[in-house]
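Asker: I have a structure I would like to understand better, so I am pasting it below and will then ask my questions one at a time.
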């Protein structure tokens, strides 16, 4: 996601944190007084820097072209083939760091738990952006040039930012917090019966990013790539039919992060 | 769900 998507995911999660989790987040984020949504874009801000370049491939997972499915063992590796270097592998990794680091009374682990919290919060958001789990050759839609109404852009950017920004302008008084409130309202009405299934892992795992990634590749094939061929102009028909998908993915990311 | 689980006191520390 772009700034708005990460802010929304983390703002939604923040409102669902337990007392203990709120306390822990406050301890780990002293500079932002525990305001998680203030730091959720940090991994995007640093991934260009030499010191952090190795993190840039952790924001997504590439799947084989036109195969509308995801498999950890097949897909979770970086462009050099190094295993576990993808967004789901990163979610497992930073969850593990926080579980072992935060609970360990003896501070044997020297993980930076503040960084682990910011990376985990960002990556749980990203795995819910459908095109962050999508085809290798078009780089998750980055090489698919389209028009968003009158403006030239690419399909990845449409899903990272353009749909959200158009929604804010069209429906939410240009105010992201108004959009977040509308999503949270949906969570208490339309999606109220789904929240617990979103939140729980069917496997016994502490965190379960694999089904989240499978949902995203399905959304990529059914919604993002569909009717968005290179050079096409995307307008109301595409925007109004895809906005509900974006809003649900932001809600699911927030519930699962919390 | 993830952060609440991680920061539950005495959360199950995985092997």
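Asker: For residue A:180, work out the one condition from (1) away from chain B (no Cβ under 14 Å); (2) without any contact (Cβ under 8 Å) to a residue 60 or more places away in the chain it doesn't fulfil.
Answerer: So the condition that residue A:180 fails would be (2).
Asker: Those residues that are surrounded by fewer than 20 Cβ atoms within 10 Å (Cβ to Cβ) and either closer than 28 Å to residue A:130 by Cβ or in contact (Cβ under 8 Å) with a residue 60 or more places away in the chain (or both), I need them from segment A:38-54; list them, please.
Answerer: Passing the criteria: A:38, A:42, A:44, A:45, A:46, A:47, A:48, A:49, A:52, A:53, A:54.
Asker: When you scan segment A:12-27, do you find a residue that is assigned to a loop (DSSP other than H, G, I, E, B), away from chain B (no Cβ under 14 Å) and surrounded by fewer than 15 Cβ atoms within 10 Å (Cβ to Cβ), even just one?
Answerer: No, segment A:12-27 contains no residue that is assigned to a loop (DSSP other than H, G, I, E, B), away from chain B (no Cβ under 14 Å) and surrounded by fewer than 15 Cβ atoms within 10 Å (Cβ to Cβ).
Asker: Going through A:145, A:137 one at a time, which residue ends up being surrounded by fewer than 24 Cβ atoms within 10 Å (Cβ to Cβ), at pLDDT 95 or above and touching a helix residue (DSSP H, G or I) at 6+ places or on another chain (Cβ under 9 Å)?
Answerer: A:145
Asker: Here are some conditions: (1) away from every other protein chain (no Cβ under 14 Å); (2) not in a helix (DSSP H, G or I). Residue A:34 meets all but one. Which one does it not meet?
Answerer: (1)
Asker: Turning to a different aspect of this structure: Is segment A:231-240 home to any residue that is within 24 Å of residue A:123 (Cα to Cα) and either under 19 Å from the mean Cα position of the chain (by Cα) or outside any helix (DSSP H, G or I) (or both)?
Answerer: Residues of segment A:231-240 that are within 24 Å of residue A:123 (Cα to Cα), as a first pass: none.
No: segment A:231-240 contains no residue that is within 24 Å of residue A:123 (Cα to Cα) and either under 19 Å from the mean Cα position of the chain (by Cα) or outside any helix (DSSP H, G or I) (or both).
Asker: Kindly evaluate residue A:109 against the criterion of being under 28 Å from residue A:29 (Cβ atoms) and at pLDDT below 95. Even if it seems obvious, please write down each step before you answer.
Answerer: On the way: under 28 Å from residue A:29 (Cβ atoms): yes; at pLDDT below 95: yes.
Answer is yes for this residue.
Asker: On the basis of being within 14 Å of chain B (Cβ to nearest Cβ) and either free of Cβ contacts under 8 Å to residues at least 24 places away in the same chain or farther than 16 Å from residue A:120 by Cβ (or both), does residue A:63 make the cut?
Answerer: No: the conditions fail for residue A:63.
Asker: Show the residue pairs that are 6+ apart or on different chains and have beta-carbon atoms under 7 Å apart, the first residue being within chain B and facing chain A (nearest Cβ under 7 Å), the second being modelled with pLDDT under 90 and not in a loop (DSSP other than H, G, I, E, B).
Answerer: So the pair list comes out as B:6/A:102; B:7/A:102; B:11/A:103; B:13/A:103.
Asker: Would you check if there is a residue in segment A:204-227 being surrounded by fewer than 18 Cβ atoms within 10 Å (Cβ to Cβ), within 14 Å of chain B (Cβ to nearest Cβ), at pLDDT below 95 and part of a loop (DSSP other than H, G, I, E, B)?
Answerer: Within segment A:204-227, one or more residues are surrounded by fewer than 18 Cβ atoms within 10 Å (Cβ to Cβ), within 14 Å of chain B (Cβ to nearest Cβ), at pLDDT below 95 and part of a loop (DSSP other than H, G, I, E, B).
The values are calculated or read from the model by the stated rules, or taken from the named source; none is laboratory data. Every value quoted in this text rests on a predicted model; they were computed, and no experiment measured them. Glycine gets a Cβ as well: all are built from the backbone with ideal geometry, and neighbour counts include every protein chain shown.
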